[in-house]
Amino acid sequence: MRKEIWILLIVAVAVALFLSPFASPYPDGLERVAADKGFLEKGEGPGLVHSPIPDYAFPGIKNEKVATAVAGLVGTVLTFGVMYGIAVLIKRGQVNRGQAILDSRKNGQG
């Protein structure tokens, strides 16, 4: 992995750990409008998918700021891992496709 990617990951983890506990506890704009207009409860109900980290707080941690920081850390690392894995697969596919094109040209097929 390139040095720049490591630096970006460290910065993202630092932001998740140290800034996420200071996020606003108030509802976002869409939730606020729904509450003001009286239809917030219509949007709530059984979820389609169970969230492993509900309400941006890691379950089982009593301190709310620590739970939010851990949730930010886990979310950042998981997102990075998934995106890095997808990038590796795409790059591998491009390399394989490029090699196939070169091979076909060598054999006079391209």
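The values are calculated or read from the model by the stated rules, or taken from the named source; none is laboratory data. No experiment lies behind these values; they were computed from the predicted model shown. Note that we place each Cβ from the backbone using ideal geometry, even for glycine, and neighbour counts take in every protein chain shown.
Structure summary
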item: Sole residue being aliphatic (A, V, I, L, M) and modelled with pLDDT under 85, chosen from LEU102, LEU73; result: LEU102
item: Of all residues making up segment 22-39, the number that are closer than 23 Å to GLU64 by Cβ, assigned to a helix (DSSP H, G or I) and of a type outside the set (Gly, Ala, Ser); result: 4
